[in-house]
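As structure tokens, the structure follows; a few thoughts come after it.
Taken together, the values in this text are just the output of simple stated rules run on the coordinates, not laboratory data. Just so it is clear, the structure is predicted and the values come from calculations on it, not from any experiment. Cβ: placed from backbone, ideal geometry, glycine included. Neighbour counts: every protein chain shown.
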Amino acid sequence: MSVVVSTVQPMVIQPPDVLDVSTAPLFQADLMAAIAASSADIWIDMAEVTSLDSAGLMALVTGLTRAQSLNREFYLCNVSSSVRIVFELTQLDRIFVFNNEELPAKPLAA
């Protein structure tokens, strides 16, 4: 698994297609490293994510918390309806900003 990150501002991060207990720890580590390495706002491109569990949610919450502590914006974009319902059922749709506008940049391989 590799996380795809853009090199232009704002930063676009593309998680793996399955964001679960097996992939979330590496994604979270990559996300935290990307946030630390840049001062850009963060856009998480969820277009390829087909499955999300509590570990994946925690990785995203950790990234959101870190971005907020650094006064950066943190957006989730291109969230499918099947993944969006996970946020709604856990009421995390209240803390994340969902943005369906066009992404500011194409992600590049990290």
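Given N residues in segment 4-98, what is Rg(Cα) / (2.2 N^0.38 Å)?
Normalised by 2.2 N^0.38 Å, the Cα Rg of segment 4-98 equals 0.97.
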- Nitroxide proxy distance, nm - points 7 Å out along Cα→Cβ at Asp20 and Gln91: 2.7 nm
